[in-house]
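Everything on this sheet refers to the single structure shown next.
The values are calculated or read from the model by the stated rules, or taken from the named source; none is laboratory data. From a predicted model like this one, the values you see are computed outputs, not experimental measurements. We place every Cβ from the backbone using ideal geometry, glycine too, and count neighbours over all the protein chains shown.
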Amino acid sequence: MEQIVELKNVTKVIKGRTIIDDISFQVNKGEVFGFLGPNGAGKTTTIRMIVGLMDMTKGDILIGGASIKTDFEEAVRHIGAIVENPEMYKFLTGYQNLIHYARMTTGITKEKIAEIIELVGLTDRINDKVKTYSLGMRQRLGLAQCLLHDPQVLILDEPTNGLDPAGIREIRDYVRRLAREKNMAVIVSSHLLSEMEMMCDRIGIIQDGRLVDVQQIKEFIQGSGTAFELEVIPSKQALAVLQNHYPEARITSYRDGVTIELRKLEIPGLVKILVEEGFQIFGIKESGKTLEDRFLEVTGEKEGAIRG
Ligand SMILES: Nc1ncnc2c1ncn2[C@@H]1O[C@H](COP(=O)(O)OP(=O)(O)OP(=O)(O)O)[C@@H](O)[C@H]1O
Ligand SMILES: [Mg+2]
């Protein structure tokens, strides 16, 4: 995998306050990287630094090997981005907006514009005025605009904000498609866990300006191991037998069974042990942790979570 974006010890101090604290991560071509964190965590600030809208206090950011600090033009050439609301002229049509934008950039052909309009699904409405567009359509026009110059890196700050479930799904599909078909690196920020789970290959969790964790989304969800629920009787005795065989595993019993954290490939062995010991097994269910559970584990906010 080829790396295209690299943040190296990026720090931002504003008026003596450290807003971004020594953040480092890399993003590869063809990968969707989710930047996940609660309100005020520092997502937008980091993105503003990546696209060169804000200076950093310390560290460096390389895009395609070019430093945003010392080689700005070469670095931003690779980037397409929507940070906050995309700038659009409401009294012009979608098409006129794209043409206007294309004139400011060299080498964008009419064919390219048509291809992008098709890609974001605006063909039917592209000649209508932007003021008649829904929020979702404006998002898609913004996406079209930042794709015109064929960027290798696409950066979207909270792209699904304010969209309904259908709009969210659309954005998700485009993002996945751009990564897959155009081998683009995509960085999306969000405070919604469920959304990141479906859109991203990897996520970085930011909290109070610090990157607390970067993981493959699958590993992140599974975390310390997968929990399995065994419906087995008698459950108290089953618990004792399993504790004996798996002294390292986390095991608890409930009324009609036990819960055990193991790797999946250990399950057949476990079933064999219980059957040979004469237990009756009525069912085995994988109770994978939700992304939310893991998020609270990682950010240590479990204590603060609302509980009964
Ligand atoms: N120009 C600025 N001057 C002072 N403080 C700032 C400035 N820009 C951002 N901050 C502070 O930096 C912190 C991070 O803000 P940022 O907008 O990056 O968070 P965010 O993760 O994008 O949040 P949200 O989910 O609400 O968009 C906040 O505490 C914010 O008040
Ligand atoms: Mg923000």
*Can you tell me which residue within the range 35-84, out of those that are under 19 Å from Lys15 (Cβ atoms) and of a type in the set (Ser, Thr, Tyr), is nearest to ligand 2 (Cβ to nearest atom)?*
Thr44
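Hey, any hits in the range 90-100 for a residue that's in contact with a Lys or Arg (Cβ under 8 Å, 6 or more places away or on another chain), of a type outside the set (Ser, Thr, Tyr) and within 16 Å of ligand 1 (Cβ to nearest atom)? Give the derivation first.
The first filter runs over the range 90-100 and keeps only residues in contact with a Lys or Arg (Cβ under 8 Å, 6 or more places away or on another chain), leaving 90-94.
Right, trim to of a type outside the set (Ser, Thr, Tyr) and you get 90-92, 94.
The next check asks that each one be within 16 Å of ligand 1 (Cβ to nearest atom); those that pass are none.
No, that holds for no residue.
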*Run Lys90 past the list (1) more than 13 Å from ligand 2 (Cβ to nearest atom); (2) touching a Cys at 6+ places or on another chain (Cβ under 7 Å) and report the number of the one that doesn't hold.*
(2)
*Do we have any residue at all in the range 3-13 that's in contact with a helix residue (DSSP H, G or I) (Cβ under 9 Å, 6 or more places away or on another chain), charged (D, E, K, R) and closer than 23 Å to Asp173 by Cα?*
no
*Looking only at the range 37-80, which residues are part of a loop (DSSP other than H, G, I, E, B), within 28 Å of Leu141 (Cβ to Cβ) and more than 16 Å from ligand 1 (Cβ to nearest atom)?*
Gly64, Ile68, Arg77, His78
*If we scan the range 81-104, do we find a residue that is in contact with a Gly (Cβ under 6 Å, 6 or more places away or on another chain) and not in a loop (DSSP other than H, G, I, E, B)?*
yes
*asked:* Among the residues of the range 5-20, are any under 13 Å from Val186 (Cα atoms), within 17 Å of the chain's Cα centre (by Cα) and within 11 Å of ligand 1 (Cβ to nearest atom)?
replied: no
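Within the range 55-73, can one find any residue that is surrounded by fewer than 21 Cβ atoms within 10 Å (Cβ to Cβ) and within 30 Å of Leu296 (Cβ to Cβ)?
Yes, the range 55-73 contains a residue that is surrounded by fewer than 21 Cβ atoms within 10 Å (Cβ to Cβ) and within 30 Å of Leu296 (Cβ to Cβ).
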*Checking Lys15 against (1) more than 16 Å from ligand 2 (Cβ to nearest atom); (2) surrounded by fewer than 17 Cβ atoms within 10 Å (Cβ to Cβ); (3) on the phi < 0 side of the Ramachandran plot; (4) free of Cβ contacts under 8 Å to residues at least 24 places away in the same chain, which single condition isn't satisfied?*
(3)
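Do the conditions hold for Glu118, that is, is it exposed (fewer than 15 other Cβ atoms within 10 Å of the Cβ), within 20 Å of Leu178 (Cα to Cα) and not aromatic (Phe, Trp, Tyr)?
The answer is yes for Glu118.
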*What residue, among those in the range 163-189 that are modelled with pLDDT of 90 or more and not in a helix (DSSP H, G or I), is farthest from Arg77 (Cα to Cα)?*
Ser189
